Amino acid sequence: MPDSPYMLRVLNFDILSEIIELLHEVKLLAPFSETCKMLRRASKPHLFRKVRILASSHLLRGELFSFTTDIWLYVRYLTIRGYWYGEPLDLSDLPLADFLARMPSLQTITVDEAAHMGGPGIPWDGIAALLSPPQVREFNLKLTLHEGTPTPLDDTFTIAPLTKFSFSIWDYVEHPRAITEEISLTEHVLKAVALSLEYLSIPLDVAPFAVMVASCWSHLRVLQLKGDLDHDPVPGIIDVLSCMPHLRHLTILRARRDDTPRPILWPDARTNGFPCPHLATLCLSHLDPTDAFYTHLPPTLRQLSLRCWPHHYLHQHRHDLKAMARLGWQSQLCTAADLRSVLRRCSFDSLEDLEIEYEEDEHEERLLRSIPELFPHLTYLTIYRYRKAGSSSVRVADIAQALSPLRMLRMLRIHLDLAEAPHPLADYMLDSPPFIFDTYEQALCEIAHTLAVGLGPNLQLICLFLRKRWSNLWIPFRVTRDLARSVSEIKRETDLIAVGGHALYDDMSPNTVEQVPLPEELDLFEF
């Protein structure tokens, strides 16, 4: 039918947009858009909604945007990847800011490529230009700044009224973990956008606590702080939270240094209630069982994570311990008894998601049996449990029995610290048996079956932990039941990457593939 493309003209615009969006999802929109000019115009906002470009001196000088095209009118999400070359330029000679201001649909800018992989950081002129477009609402910085003389942070350095600011550095970057320019930038941004910001994620290493306490955060809903602090005493987190009355999601993951005690969050002299009455999600590292913070948590809490950062399994092998020693970080596991005492103080029937990390002791069974009593409506449960010194066995059936009253549980992720687990770098060891990881995954399937038989009838997924080379993974097993709700099959899932907002890959390891030596040099590498 020669006129078939033109039959689409009679379609309602909303229906045509839905068709275009579906084609875009399956990567077939480009050929569809070449059908006619009308469809090309209709497809452009979808084709060019997300654009990724490489950083270079051409980008910094704005030369990339000098050619005539209308695709930039449709860009909402701009990602800039790679290294920034050349010396910082004078802001007055930089056309990049003016061009970005003429991109009416631009909402999100992401500057990517971690600096720990090599190469210079982003120049100050570049960061100033990228923060200036008034229509931008979200800014994600995953690249360190150029270390050198910064552009003065004065009134000429304007910042858009952001609703999201995210600045991240590699978890295991060595000291000094932050440079003066990054601390100055964070202070300047937070002063400018405190009133409009809804989402804030920054390293603890650059967190300007004095600025945060002195600002009003009337719209902030999410606060994430992760990293290391090289100064004591630690600023009062309760004072910071007191400026954020509408906060709903709080994450504080602080590495524990060799010479620092566990942090106490709740000041002894405080008599007021919890400063964030609507808090729904809380994630904390290295809890102190004597901290009154947990007694004052609001009943609105839906998700609670009490863990180590980095996870304790990154302190179990020599090649990981060397990296932690360079950073001066230690792990101090909470015992089952201490963890149980904390959980009893933050017991809420409304809790749906719980993550805990502890070392077994004689109170472990009481801890596990208390979880269904304290949190009967859990749908997601993550457990990192570690054997005490001298212990080699894990009573899997007893763990399942203790958690069996959780009738609404849909997914269990559990790190059992099995003695027979292969070394993460077993593939590189000359004396390792062949297919060691395949054999171990078969053993995990049997363990998953044991857990499924003992757990509640609504359980759908069991994820067992595996360290393999430089990856830390949750291996998912699908639980299938018959009409009588008995377990009929346990099947390894291969296509899942996340379930219910829970990723099936865990924290990064400090060692990467680039750091693993060649086979002939393995004797120089500490396993």
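What follows draws every value from the coordinates through simple rules; no lab data is involved. This is a predicted model, so every value here is computed, not measured. Backbone-built Cβ (ideal geometry, glycine too); neighbour counts: all protein chains shown.
Please state the charge dipole magnitude for the chain, taken about the Cα centre, from unit charges on C-beta atoms (+1 on K and R, -1 on D and E), reported in debye and rounded to the nearest 20.
Dipole about the Cα centre, nearest 20: 1800 debye.
Across the range 257-331, how large is the tail of the calculated P(r) beyond 22 Å, expressed as a percent of all Cα pairs? Show your work: numbers first, answer last.
Values: 1058 of 2775 pairs.
So the pairs more than 22 Å apart make up 38 percent of the total in the range 257-331.
For the range 175-280, compute the orientation-averaged projected area of the C-alpha convex hull (one quarter of its surface), in nm².
For the range 175-280, the mean projected area of the Cα convex hull comes to 6.9 nm².
Can you check how the C-alpha radius of gyration of the range 313-392 compares to 2.2 N^0.38 Å, as a plain ratio? Write out the running numbers ahead of the final one.
On the way: Rg = 14.9 Å, N = 80, 2.2 N^0.38 = 11.6 Å.
Against the empirical 2.2 N^0.38 Å value, I get 1.28 for the range 313-392.
In a Debye calculation with equal point scatterers on the alpha-carbon sites of the range 432-490 and no solvent, what is log10 I(q)/I(0) at q = 0.14, 0.24 Å⁻¹?
With one equal scatterer per Cα and no solvent, log10 I(q)/I(0) is -0.43, -0.94.
Lysine pairs in the chain with alpha-carbon atoms under 15 Å apart, 8 or more places apart or on different chains: how many are there?
So the count of such lysine pairs works out to 5.
Cα gyration tensor of the range 459-508, axes a ≥ b ≥ c as square roots of the eigenvalues: rounded (a/c below 1.5), prolate (a/b > b/c) or oblate? Kindly include the intermediate steps, with their values, before the conclusion.
Working: a/c = 3.29, a/b = 2.28, b/c = 1.45.
Here the range 459-508 falls in the prolate category.
When a/c reaches 1.5 or more, the comparison of a/b and b/c decides; with that in mind, is the range 226-372 rounded, prolate or oblate per its Cα gyration tensor?
oblate
Work out, in µm²/s and without decimals, the Stokes-Einstein translational diffusion coefficient of the range 246-298 at 37 °C, 0.692 mPa s, Rh from Kirkwood over C-alpha pairs. Can you show the working numbers first?
Numbers: Rh = 12.3 Å.
So the translational diffusion coefficient is about 266 µm²/s.
Roughly what % of DSSP beta bridges within the chain run antiparallel, to the nearest 5?
In the chain, DSSP labels about 20 percent of beta bridges as antiparallel.
To the nearest µm²/s, what D does Stokes-Einstein give for the range 376-496 at 4 °C and 1.567 mPa s, using the Kirkwood radius over alpha carbon pairs as Rh?
For the chosen part, D equals 85 µm²/s.
Please identify the DSSP H helices in the chain that span no less than 27 Å along the helix axis (Cα) and have a mean Kyte-Doolittle hydropathy of -0.5 or more.
436-454
For a protection proxy built on the mean count of beta-carbon atoms within 10 angstrom, sort 416-425, 200-209 highest first, please.
Going by the mean number of other Cβ atoms within 10 Å, highest first, we get 200-209, 416-425.
Dividing the alpha-carbon Rg of the range 311-449 by 2.2 N^0.38 Å yields what?
My calculation over the Cα atoms of the range 311-449 gives 1.17.
When the Kirkwood hydrodynamic radius is evaluated over all pairs of different C-alpha atoms of the range 360-410, what value in angstrom, to one decimal, is obtained?
By the Kirkwood definition, the hydrodynamic radius is 11.8 Å.
Given the -39500 (n - 2.57) contribution per DSSP H run of 4+ residues, what per-residue ellipticity at 222 nm results for the chain, rounded to the nearest 500 deg cm²/dmol?
-7000 deg cm²/dmol
For the chain, count the residues as N, evaluate 2.2 N^0.38 Å, and divide the Cα radius of gyration by that value, please. Write out the running numbers ahead of the final one.
Values: Rg = 26.1 Å, N = 527, 2.2 N^0.38 = 23.8 Å.
Against the compact-globule rule of thumb, the ratio is 1.10.
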